[in-house]
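Here is the structure we will look at, set down as structure tokens.
Since every read-out is calculated from the coordinates, none of them should be taken as a lab result. Keep in mind that what you see is a predicted model, and the values were worked out from it rather than measured. Reconstructed Cβ throughout: ideal geometry from the backbone, glycine too, with neighbour counts over all protein chains shown.
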Amino acid sequence: MKENFLGVDVCNYDYDQLASLLMQDIEHKKKSFIVAINPEKIMKAQEDEALRTLLNRADYQIPDGIGVILASKLKGGQVKSRVTGIDMMLKLCKTAAEQGKRIFLYGGKPGVADAAKTELEKQIPGIQIVGTLHGYEKDEQVIVDTINQHQPEIMFVALGSPAQEYWIVNHMNQVTPFVFQGVGGSYDVISG
Ligand code: UDP
């Protein structure tokens, strides 16, 4: 169920469908990652083959920008409604809370992931955010060990794009989570 925009794949799942696929991935111990696609990324990927390969390597490319919806409409496609990065993150947090899955928040300035954790705990009863780490720790081993110490199953990575997507593909097999999502500046938005 993917549609191609100038060489970049986009899937047309809605929030509920994607959340249930992600929970299945966790059950099957399958590693998967989500990337948010907007017209700016599609344009950048025209001249940057490594970026295009990276975006297409994601398991789920969500149609974050309204421009993607309009482009799909123009070519008679099926991608009909936006799935934004931040709303997908919130949906995944709620589903994880219902199903007892453990979450880790990585990235952002010192204190920001902690502030987002506090806010998410207020908004989503039962959520288990088992750890956080800011995005300016440069020791790879410290990063990997900090994540694994808490045995999370879902991880959000906020290092900006495409740094966060490169981080995910380069580390997904070294850390315990099965589901990864690059979320850019979302912690700042959540913590207000
Ligand atoms: N960031 C980080 N470590 C770095 C560089 C950036 O954690 O080495 C964080 C930064 O604090 C910010 C996020 O990455 O929270 C980038 O957000 P931005 O809104 O620029 O990304 P976008 O949403 O545009 O991808």
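Extension gain for Thr118 to Glu98 (0.36 nm times residue separation, less C-alpha to C-alpha distance): 5.4 nm.
Listed by chain and number, the lysines whose C-alpha is less than 27 Å from the C-alpha of Lys94, apart from same-chain residues fewer than 8 away, are Lys2, Lys29, Lys30, Lys31, Lys80, Lys109, Lys117, Lys122.
Structural descriptor for the range 1-127: relative contact order 23 percent, calculated from alpha carbon pairs under 8 angstrom and at least 6 residues apart. Taking packing as the residue-averaged number of other Cβ atoms within 10 angstrom, the listed peptides 133-144, 178-189, 12-23 run from highest to lowest as 178-189, 12-23, 133-144. How would you classify the range 78-192 from its alpha-carbon gyration tensor, with a ≥ b ≥ c the square roots of the eigenvalues: rounded for a/c under 1.5, else prolate if a/b is greater than b/c, otherwise oblate? Rounded, since a/c falls under 1.5. Choose one answer from Glu153, Glu98, Glu27: the residue with the largest mean-square fluctuation in a GNM of the chain with alpha-carbon springs under 10 Å. In this elastic network of the chain, the residue with the biggest mean-square fluctuation among Glu153, Glu98, Glu27 is Glu27.
For the range 27-117, a Kirkwood hydrodynamic radius built from all Cα pairs, placed in the Stokes-Einstein relation at 10 °C and 1.306 mPa s, yields a translational diffusion coefficient of 104 µm²/s. Distance between the C-alpha centers of the range 145-192 and the range 1-19? Whole Å please. Computed from Cα coordinates, the inter-centre distance equals 21 Å.
Across the chain, the convex hull enclosing all Cα atoms gives 108 Å³ per residue.
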